[in-house]
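To keep things clear, I will list the structure first and then write my remarks on it.
Every read-out reported here was derived from the displayed coordinates using simple, explicitly stated rules and does not represent laboratory data. Here the structure is a predicted model, which means the values were calculated and not measured. So basically every Cβ, Gly included, is an ideal-geometry build from the backbone, and we count neighbours across all protein chains shown.
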């Protein structure tokens, strides 16, 4: 169903852009506040900066200044993903992500959450999306994620990727590709590093236990432990 809808819907813009992490934080914050605090939206530059730097629902945490937020807004506006609202004494800003990136509302919600909170499982995305959009179940989340992962080249190519399962994890996490493939490479490297560290730790523990066993047996038999005269 998701594939058929995406084929028949005409959208004005594909995905030939690569954001910086700061661009993604600014864009994701505008998308969040549009849904969670509509009475305060569009946002002033100062409110936007505070939203970018908040200590909850953010991964990683950032400490952006006014100049960084302004540069990100310029970049995003040039890409057609944000715009300044006309009128008023104070400049305010809103996102144009769904139209600018050419995605459905549900897909935009998932991408916004991934930009703000980093890689997440489908279950985590459904839970974190409660104030943005109520997905019926995890399978509907997975359906839109798979659509984004299989996005055709003529529409800009994949926008998310499914990461390798972390050691001990039951579910695989998803990451966005809006900041380019280097994000994915880094995440995979971290997970592989964690897997190697865990394996080395287990081997070291087993080796220490074997040494204790050998030393104990040698003591019982009246023999010198290996490596001792």
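Hey, how much of the P(r) for segment 2-179 falls beyond 19 Å, as a percent of Cα pairs?
I get 56 percent for the Cα pairs in segment 2-179 exceeding 19 Å.
The ranking of 127, 73, 114 from fewest to most other beta carbons within 10 Å of each one's beta carbon is 127, 73, 114. In plain terms, the residue of 18, 224, 47 with the fewest other Cβ atoms within 10 Å comes first and the most crowded comes last, giving 224, 18, 47. Taken along the Cα-to-beta-carbon direction at a fixed 7 Å, the label points for residue 152 and residue 202 span 4.5 nm. The length gained by stretching the chain between residue 140 and residue 18 to full extension, at 0.36 nm per residue less their Cα-Cα distance, is 41.2 nm.
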